[in-house]
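Undergrad: Quick one: this structure, given as structure tokens, is what I'll be asking you about.
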Amino acid sequence: MKQENSIDFDYSILEMVLMGRSSHRKFYETVNSTDYSIAKKALKYVGLDDRLNQSFRHLSGGEKQRVFLARSIAQDVEIFLLDEPTNNLDIYYQWNLINLIKNLNKTIVAILHEINLAFRFCDYVYIINNGKIHSHGKPEEVITETMLRDVMKIDAELIEANGIKSIIIKNAI
């Protein structure tokens, strides 16, 4: 799933998700009942199964991201590669989308810039700085105030409430 997507044609939500099934067909084969069933199941998972024929172009940013997630699900892969899946989403849709992704129970490789999402949803993180791996491990081991200062260039405090770690940004440095 790419960070940003631009669609110039007026496809329906269902047609967008069915595109994810193309790798399961030969070039000359058309969409079959299995493809439709899998696409509809993926749309149900992301909560858009009641809007199959709605135009993709008229969706909000969060709805479009859910369509792209449904398309990824319809591909029926073992590993998901996601480039900033929460990009341009408000907080509710960020958390909603990450919850949907986490509950897939698949291997997820994602680029995230939102540290609080990484704390909450990632089992393992790699911190990249200037194109090189700075550190890696469990979020609670790797995301430290020192790392935030050295890599992210922020002065931040780590807090924990109800067993959940978060960062409070004090200042950019």
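The values are calculated or read from the model by the stated rules, or taken from the named source; none is laboratory data. Note that the structure is predicted; figures quoted are calculated from it, not measured. Cβ coordinates were reconstructed from backbone atoms using ideal geometry, including for glycine residues, and neighbour counts include every protein chain displayed.
Undergrad: Specify the residue that is surrounded by the most Cβ atoms within 10 Å (Cβ to Cβ); the eligible residues are those in the stretch 33-64 that are of a type outside the set (A, V, I, L, M, F, W, C) and in contact (Cβ under 8 Å) with a residue 40 or more places away in the chain. First the steps, then the outcome.
TA: If we filter the stretch 33-64 for residues that are of a type outside the set (A, V, I, L, M, F, W, C), which is where we start, we get 33-37, 40-41, 44-45, 47, 49-51, 53-55, 57-58, 60-64.
From what is left, the residues that are in contact (Cβ under 8 Å) with a residue 40 or more places away in the chain are 45, 53-55, 57, 64.
Values: TYR45: 17, ASN53: 8, GLN54: 15, SER55: 13, ARG57: 12, LYS64: 20.
Result: LYS64.
Undergrad: For the stretch 101-115, give me each residue that is more than 16 Å from GLN65 (Cβ to Cβ), of a type in the set (A, V, I, L, M) and not in a strand (DSSP E or B).
TA: Selection gives ILE115 alone.
Undergrad: Moving on. Here are some conditions: (1) in the same structural domain as ASN87 (by TED's automatic domain parsing); (2) surrounded by fewer than 12 Cβ atoms within 10 Å (Cβ to Cβ); (3) not polar (S, T, N, Q). ALA161 meets all but one. Which one does it not meet?
TA: Checking ALA161 against (1) in the same structural domain as ASN87 (by TED's automatic domain parsing); (2) surrounded by fewer than 12 Cβ atoms within 10 Å (Cβ to Cβ); (3) not polar (S, T, N, Q), the one that fails is (1).
Undergrad: Right, another one. Across the stretch 26-63, which residue is farthest from THR86 (Cα to Cα) among those that are part of a helix (DSSP H, G or I) and aliphatic (A, V, I, L, M)?
TA: Here is the first cut: in the stretch 26-63, the ones part of a helix (DSSP H, G or I) are 33-45, 56-58, 61-63.
From what's left, aliphatic (A, V, I, L, M): 38-39, 42-43.
Numbers: ILE38: 24, ALA39: 22, ALA42: 19, LEU43: 18 Å.
Checking each candidate, the answer is ILE38.
Undergrad: Which residues, taken from the stretch 109-124, are out of contact with any Phe, Trp or Tyr (no Cβ under 9 Å at 6 or more places or on another chain) and in contact (Cβ under 8 Å) with a residue 24 or more places away in the chain?
TA: ILE111, HIS113, GLU114, ILE115, ASN116, ALA118, PHE119
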